[in-house]
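See below for the structure under consideration.
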């Protein structure tokens, strides 16, 4: 159980942002809500106690939203209210953008010695590492993911911020030989205020993937967290101040996409939009930001093939396919949701995959032995179960799972479908949950054709003992990342991003830095 102080819980329940209230009752609720503290004490199921910020983080301070509205945060594991947090509206976004713009134009960050940015990012990484257990527990509380997965996420956050710190003083231009009459060179400069919109499946990791390169290159940031998982970004904001970041450099606004996201996309002082989320929303953001001539990067959906060749190490391949789809409860954009298995080993593979899936521990995300926690929301759980019904109606064979687990919490059993056709919706459409389809293939050409028969192109997995096969097929698969004899195996130095409807631009690696700089050419005529 999550425990709030009595006063904090009463104040949080006093307001529902005016929805469904009469004018008189709304005014009374507004007054009650304006007294909600900017942080509330929380005791987590694993015994950790901490203070959870609830305000918007603007100009290095937690503040109440101007309209005093909030929204509820619910634990996916228990369906119980955790707390309320303040909800940003257009005027709050304006405040955050003005703070970020002033910080950028002052030069306190953008024009500082790069070592200043490097030291601040390194210090922030150190502080997050010191608070790792608390932050991971907040992720588990807010998102529903298994605590072991959450700890892995936070470790990746620490490593990536340290990597960005190492890049901060290496953002260089180049000298261009144009003859003795001129001195010509380029310099890479930050863009200015960057608007960033992150998803709910990896709340803090996606935060790091966005803010790390933006801050390393001298930009300032206004970031919108996902409305269902706002807590970890707010908690880490305290550490941003401790790490020595100047006021206005990083601002966090909790809120909803139609208001906060739209305001970021259309504001003239925001020079860059970075978004991770669904392809449908990404298309809208691309159009909105493009109309305002902003630089845009998008990391979007996927329907990634995970291929097992006849010569694969079968037990290893089973575990890799298992991790590829059931890790993080299947709420992974790069999830290997389409398994393709050579016909000669198909039946044996399916039998072993079924046994391995049914042996996974699904349940209490705070239990260290749990592999798969809860889905993040009721909406996501309902979507997954709807696709299970669709798969059955389309004639696919339900091999395992396909039903809700328990009656409290958003849990679903790991699900495997066989006997699928390539035109089925469960094969074509992103489900974003622990559901995998298994298909047979005979030849490499047939496999490549099926693997590429999708609007997406985010990732792929290949399992083979032949280096020649791995190199040949990885070159032919339309995907931004191809993992060989592994899956969902991220490293902070390796770029990640998609082809086609899976996005534009790259996260991590040196490639991410290109998203946050612009090139200026300088040509000096010599006497």
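The values are calculated or read from the model by the stated rules, or taken from the named source; none is laboratory data. Since the structure is predicted, the reported quantities are computational estimates derived from the model, not experimental observations. Note: ideal-geometry Cβ built from the backbone for every residue, glycine included; neighbour counts use all protein chains shown.
Of the numbered criteria (1) surrounded by fewer than 24 Cβ atoms within 10 Å (Cβ to Cβ); (2) out of contact with any strand residue (DSSP E or B) (no Cβ under 8 Å at 6 or more places or on another chain), the one residue 381 fails is (2). Condition check for residue 171 on (1) at pLDDT 95 or above; (2) in contact with a strand residue (DSSP E or B) (Cβ under 6 Å, 6 or more places away or on another chain); (3) under 19 Å from residue 213 (Cα atoms): one failure, at (1). For the range 355-366, the tally of residues that are part of a helix (DSSP H, G or I) and within 29 Å of the chain's Cα centre (by Cα) stands at 4. Counting only strands (runs of 3 or more DSSP E) that sit completely within the range 152-232, those holding 2 or more residues that are out of contact with any helix residue (DSSP H, G or I) (no Cβ under 8 Å at 6 or more places or on another chain) correspond to 182-190. Residue pairs whose Cβ atoms lie under 7 Å apart, sitting 6 or more positions apart in sequence or on different chains, and linking a residue in the range 499-517 that is closer than 13 Å to residue 481 by Cα to a partner that is assigned to a strand (DSSP E or B), are 503/298; 503/299; 505/297; 505/298; 506/496; 507/299; 507/496; 508/496. Scanning the range 479-489 for residues that are buried (at least 18 other Cβ atoms within 10 Å of the Cβ) and in a loop (DSSP other than H, G, I, E, B) returns 479, 480, 487, 488. Being in contact with a strand residue (DSSP E or B) (Cβ under 6 Å, 6 or more places away or on another chain), within 30 Å of residue 75 (Cα to Cα) and not in a loop (DSSP other than H, G, I, E, B): is that true of residue 96 here? Yes; evaluated as a whole, the condition is true for this residue.
Test residue 295 against the criterion of being in the same structural domain as residue 97 (by TED's automatic domain parsing), on the phi < 0 side of the Ramachandran plot and in contact (Cβ under 8 Å) with a residue 40 or more places away in the chain, and give yes or no. Yes: the conditions hold for residue 295. Here residue 124 clears all of (1) in contact with a strand residue (DSSP E or B) (Cβ under 8 Å, 6 or more places away or on another chain); (2) surrounded by 15 or more Cβ atoms within 10 Å (Cβ to Cβ) except the condition numbered (1).
Of everything listed in (1) in contact with a helix residue (DSSP H, G or I) (Cβ under 6 Å, 6 or more places away or on another chain); (2) part of a helix (DSSP H, G or I); (3) crowded, with 20+ Cβ neighbours inside 10 Å, the single unmet condition for residue 390 is (3). Being more than 21 Å from residue 285 (Cβ to Cβ), buried (at least 24 other Cβ atoms within 10 Å of the Cβ) and over 19 Å from the mean Cα position of the chain (by Cα): is that true of residue 150 here? The answer is no for residue 150.
Yes or no: residue 201 modelled with pLDDT of 95 or more, assigned by TED's automatic domain parsing to the domain that holds residue 277 and farther than 23 Å from residue 139 by Cβ? No: the conditions fail for residue 201. Considering only the range 506-516, state which residues are within 15 Å of the chain's Cα centre (by Cα) and in a loop (DSSP other than H, G, I, E, B). Of everything in the range 506-516, those that are within 15 Å of the chain's Cα centre (by Cα) and in a loop (DSSP other than H, G, I, E, B) turn out to be 506, 508.
Taken over the range 265-316, the residue count meeting the criterion of being touching a strand residue (DSSP E or B) at 6+ places or on another chain (Cβ under 9 Å), closer than 30 Å to residue 346 by Cβ and assigned to a helix (DSSP H, G or I) is 2. Can you pull out the residues in the range 140-175 that are free of Cβ contacts under 8 Å to residues at least 60 places away in the same chain and over 22 Å from residue 240 (Cα atoms)? Those that are free of Cβ contacts under 8 Å to residues at least 60 places away in the same chain and over 22 Å from residue 240 (Cα atoms): 170, 172, 174, 175. Any idea which residue in the range 349-367 is nearest to residue 434 (Cα to Cα), counting only those that are in contact with a helix residue (DSSP H, G or I) (Cβ under 7 Å, 6 or more places away or on another chain) and free of Cβ contacts under 8 Å to residues at least 40 places away in the same chain? Here the answer is 356.
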